[in-house]
Amino acid sequence: MAQHAITAIHYAGDKIDLVAVHPVVDKEFGSTGLALGAAQRISVGECADLLAAGEEVCLARRTEDHAWEIICDVELLPGRREFTGVDIVNRPNDALRSLPSWG
């Protein structure tokens, strides 16, 4: 089960520099639905550090009924300073760049 969920991103130029990350408060077993705590804006490096420390991170989005839903898991890329969303067989996808952005 994911311990953190990324719900939005911030760009500096064409690169992501910050992410909105929430602690996962509750996840119903066998469901994609989540209950999330308050968001915190952290740098891409800080998020990579979470992943390197073994924390499980996912991407999440709001559903039409305003619940949070898991989109996919997040994995470190080679070099361990960047990360990406991955599909069910751990292939990178573009879900991270599809999240809402602020700023």
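The figures follow:
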quantity: For E56, residues with placed amide H under 5 Å, excluding near neighbours; calculated: Q3, H4
quantity: All Cα pairs of the stretch 47-103, percent lying beyond 12 Å; calculated: 67 percent
quantity: GNM result for the chain, Cα springs below 10 Å: residue of E64, E82, E56 fluctuating most strongly; calculated: E64
quantity: Chymotrypsin sites (Phe, Trp or Tyr not before Pro) lying in DSSP loop within the chain, provided at most 12 other Cβ fall within 10 Å; calculated: F29, W102
quantity: Under-5 Å amide H pairs with A95, H placed in peptide plane, nonlocal only; calculated: G85
quantity: Calculated from backbone phi, Karplus (6.51, -1.76, 1.60) coupling profile of the stretch 64-70 in Hz, x at Gly/Pro; calculated: 4, 8, 6, 8, 8, 9, 5
quantity: Spin-label zone in the stretch 6-20 - amide nitrogen under 14 Å from a point set 7 Å from the Cα of W102 along the C-beta vector; calculated: 6-11, 17-20
quantity: The chain - percent of accessible surface contributed by carbon and sulfur, probe 1.4 Å; calculated: 50 percent
quantity: Listed values [x] 0.93; [y] 1.25; [z] 0.97, entry calculated as Rg/Rh (Cα atoms, Kirkwood Rh); calculated: [x]
quantity: Note, ³J(HN,Hα) from phi for the stretch 35-41, Karplus 6.51, -1.76, 1.60, rounded to Hz, x at Gly and Pro; calculated: 10, 10, x, 5, 6, 9, 8
quantity: Relative contact order of the chain, defined on C-alpha pairs under 8 angstrom at six or more residues apart (%); calculated: 27 percent
quantity: Helix-only CD estimate at 222 nm, as mean residue ellipticity for the chain, using -39500 (n - 2.57) per DSSP H run (n ≥ 4); calculated: -2500 deg cm²/dmol
quantity: Full-stretch length increase - E75, R61 - with 0.36 nm per residue and alpha-carbon distance subtracted; calculated: 3.3 nm
quantity: Accessible area (Å², per residue) of the stretch 1-80, counting only protein heavy atoms and a probe of 1.4 Å; calculated: 57 Å²
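The values are calculated or read from the model by the stated rules, or taken from the named source; none is laboratory data. Source: prediction; values computed, not measured. Neighbour counts are summed over all protein chains in view; Cβ atoms, including those assigned to glycine, are modelled from backbone coordinates with ideal geometry. Remember, those area values only see protein heavy atoms, side chains included, never the ligands or the DNA or RNA. Shrake-Rupley method; radii C 1.70, N 1.55, O 1.52, S 1.80 Å.
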